[in-house]
1. Could you say which residue among Gly119, Gly126, Gly59, Gly93 is without any contact (Cβ under 8 Å) to a residue 24 or more places away in the chain and either aliphatic (A, V, I, L, M) or in contact with a Lys or Arg (Cβ under 8 Å, 6 or more places away or on another chain) (or both)?
2. If a residue has to be of a type in the set (A, V, I, L, M), closer than 13 Å to Tyr120 by Cβ and over 20 Å from the mean Cα position of the chain (by Cα) to count, how many in the stretch 67-98 make the cut?
3. Going by the conditions given, is Thr66 assigned to a loop (DSSP other than H, G, I, E, B), modelled with pLDDT of 80 or more and of a type in the set (S, T, N, Q)?
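The values are calculated or read from the model by the stated rules, or taken from the named source; none is laboratory data. What you see is a predicted model, and the numbers here were worked out from it, not measured in a lab. Note that we place each Cβ from the backbone using ideal geometry, even for glycine, and neighbour counts take in every protein chain shown.
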Amino acid sequence: MKKLRIAPFSPLESFVPNPFDTLSDEGLKVAPLPQKGIDKRIIKQPKKGRLDIRREKAGRAGKTVTTISGVEAIPAAESEALLKRMKNECGAGGALKQGQFVIQGDHRDTLEAFLKAEGYQTVRAGG
């Protein structure tokens, strides 16, 4: 029995005509070259305030929570929206108690990165 050989396929050959063959760059403007350096005013957000991030366990029946103090300077409507976004980011429950955000579990790293992205200055305090 004779073996059948398949002819090699070249990717340059195509069974379907290329729809981009009819396009041309006639009439297109040339984009300006990028400037050296980046305007830092575009990237840098204004600082909104300082928030202290701390892990606490004492007086909570052995449960670990992350507390964020310094919330008093944030308007009430904005603090509620910020709390909701933080809980969503951590995938945990939380509340606003006695002028502090209290998030269930140890989420110091996640919250620090999140709050810096939101424009807040963060300080890790204590344990």
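1. Gly93
2. Residues in the stretch 67-98 being of a type in the set (A, V, I, L, M), closer than 13 Å to Tyr120 by Cβ and over 20 Å from the mean Cα position of the chain (by Cα): 3 in total.
3. Judged against the criteria, Thr66 is not a match.
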